[in-house]
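Comments concern the structure below.
Just so it is clear, none of the values below were taken in a lab; they were calculated from the coordinates. In this text, all values refer to a predicted model and were calculated from it rather than measured experimentally. Neighbour counts are summed over all protein chains in view; Cβ atoms, including those assigned to glycine, are modelled from backbone coordinates with ideal geometry.
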Amino acid sequence: MGRPYRPAVASASVYRAGRTALLRSIGSVPTGCRGELVMFDGRWRSTIEQGLRPIGAGLRRTGITADVVTSVGLVMAVATSVAIGRGDFRLALLLLVLTGIPDALDGAVAKASGTSSKRGAFFDSVADRVTDALLLGGVAWYLAPQGRIVLLPFAVAAVAMLVSYQRARAESLGFDARGGLMERAERIIVLAFGLLFSEWLVAVLWVMLVLTAVTAVQRFVKVWRQADRPTPTRTRYRRSRPRPRRPVAERWRDERAARRARR
C-alpha cells in the first residue's frame, strides 16, 4: 500500500498562511476585458495551442487521430492514479506531466487535420472529467488508512465537477461562465506541487478545496448577473400580403364602366 502518510507539523499553519495570501491577492490577479479573473486557461491557452500546431500536424501525418491522443491521455491518467495510490509520488509526478501532454495535443491534432467536431469536443470533455476523478481517486486511495481525511479529495472532486457543470449548463443557456480563480489547469498544477512535496499534500488539498469553491461562487455570480440583464426585444414587422391580381377581363370591364360614368 506504500509508505504511510506523515503530515508535516506546520501543515495547518502553512495552509492558513497560503490561503490568506491567496485570498488577499485576488484583487491583484490580472483581469479580462469584462473584469473577470483570467487565469492559466484564459491567458496562455491560445499561445500554447499555436505553438502545438506544428506538433499536431506532424502527428496527423503519421495517421494518429485526436481521439487516439485523448485515449492515450486516459490510459496515462489510470497509471498516474495507481502510482499515487501506491505512494510512489515521484513516478506519479512524471506520469501526471505525461497525462497533460495528450490533453494539450488532441486539440492541435484535430485542428491540423480539420476534423474538429462536436463529437470530439464531447469526448474530450468527458475524458477530462474522468481524468480528474481518477487523479483525486488515487489521492483518496493513498489517504484511506488515515481515517476521515479520505473525504477531502472526494470533496475537491465534487466541487470541481460543480465548476465544470456550471460552465456546461451556462453555455447551453447562452451565457459565458469561463474564468475563475482555479480552473482545471490550476488544479493540475497545484496537485503536482502536492506530489512534489508530499508532506504538504493534505494542506495542498485544503487549498484546492477552498479555491475551487471560490471559483464555483465566482461563476455562479457571473452567470447570475448575465441572466439578470434585460434581454433586448426585437420588434417584429408584419409583412403586407400582396393583393391578388384580378383577371384582365374584370379590369377591362371596370375600366369601361368608369369611362361610361365620366361621360
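List of remarks:
- Fully extending the segment from Arg253 to Val217, taken as 0.36 nm per residue of separation minus the present Cα-Cα distance, adds 5.2 nm.
- Between amide H atoms placed 1.01 Å from N, distances below 5 Å from Gly180 occur with Leu37, Met39, all of them 5 or more places distant or on a separate chain.
- Gain upon complete extension [Leu91, Val68; 0.36 nm per residue less C-alpha separation]: 5.9 nm
- Segment Arg119..Ala261, full-extension length gain: 43.6 nm, with 0.36 nm per residue of separation and the alpha-carbon distance subtracted.
- Globularity index of region 75-207 is 1.11 (Cα radius of gyration / 2.2 N^0.38 Å, N = number of residues).
- Summing Cβ point charges (Lys, Arg +1; Asp, Glu -1) relative to the Cα centre of region 113-179 gives a dipole of roughly 100 debye.
- A dipole drawn for region 152-199 from +1 and -1 charges on Cβ atoms has a positive end, and of Val159, Leu191, Phe175 the residue lying farthest that way is Phe175.
- From phi via Karplus (6.51, -1.76, 1.60), per-residue ³J(HN,Hα) for region 92-102 in Hz, x at Gly/Pro: 4, 5, 5, 5, 5, 5, 5, 5, x, 5, x
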